[in-house]
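The values are calculated or read from the model by the stated rules, or taken from the named source; none is laboratory data. Note that the structure is predicted; figures quoted are calculated from it, not measured. Neighbour counts are summed over all protein chains in view; Cβ atoms, including those assigned to glycine, are modelled from backbone coordinates with ideal geometry. Remember, those area values only see protein heavy atoms, side chains included, never the ligands or the DNA or RNA. Shrake-Rupley method; radii C 1.70, N 1.55, O 1.52, S 1.80 Å.
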Amino acid sequence: MKKYFSAILLAAALGVGIGPLYAADIVDTAAADGSFKIFVAALKTSGLDKTLKGAGPYTLFAPTDSAFEKLPAGAWERISKDKTRLSRVLAYHVIPGAVLVAEVKPGKTKTIQGESLALTSDNGKVTVNGANVTQSDIAADNGVIHAIDALALPPE
């Protein structure tokens with residue numbers, strides 16, 4: 001019995017024989033990527049991380065850390081201090097369903113926030129409200145992430 005238990009522990013440690021030990025949802029995948037530290041921290045502050053850890057599937061258009069540098073001075077601080085506004089802005093980056101970049105259809109698509117994003121697709125170049133998709137099809141267990149180079153702000 002002790003040998004059998006040891007074999008199970010070894011298999012678990014190596015991640016073989018008993019299936020995956022850890023499922024990487026959209027939030028964990030974004031955090032592990034390292035390019036979305038500001039956005040992931042904001043998801044946790046707003047509580048939206050709990051939604052994005054759910055079954056989904058979701059498509060997340062995640063601004064990279066460098067995207068926040070493009071905002072006017074003090075803009076992100078003002079947004080992040082207002083939890084309601086922060087939640088609206090973050091939810092505006094999420095659409096229901098897993099949409100790979102090759103499947104993006106130009107036009108408006110409704111976000112989980114309720115407003116629509118404007119998507120364009122031209123010879124493989126995809127934009128979201130004018131922000132460029134800089135890295136695409138980052139797979140997560142409950143959806144897909146596309147990195148964008150600017151923060152999308154919902155209409156007020």
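Brief remarks follow.
- Rounded to whole Å, sorted largest first: equivalent-ellipsoid semi-axes of the chain, Cα gyration tensor: 33, 19, 14
- Expressed as a whole percent, the accessible surface of the range 23-62 that belongs to carbon and sulfur atoms is 59, based on a 1.4 Å probe.
- Counting 0.36 nm for each residue step from Glu77 to Lys37 and taking away their Cα separation leaves a gain of 12.9 nm.
- For the range 19-74, the Kirkwood hydrodynamic radius from C-alpha pairs, put into Stokes-Einstein at 25 °C and a viscosity of 0.890 mPa s, yields a diffusion coefficient of 200 µm² per second.
- In the range 11-156, Cα pairs under 8 Å separated by at least six residues give a relative contact order of 27 percent.
- Counting only DSSP beta bridges with both residues in the chain, the antiparallel share comes to about 75 percent.
- Highest mobility in the GNM of the chain, judged by mean-square fluctuation with C-alpha springs under 10 Å and restricted to Leu86, Leu119, Leu71, is found for Leu71.
- Whole-percent carbon and sulfur share, accessible surface of the range 91-156, 1.4 Å: 50 percent
- Where the chain is the region considered: accessible area per residue in Å², 1.4 Å probe: 55 Å²
- Using the Cβ-Cβ distance between Glu103 and Ala55 with R0 set to 22 Å, the FRET efficiency works out to roughly 0.65.
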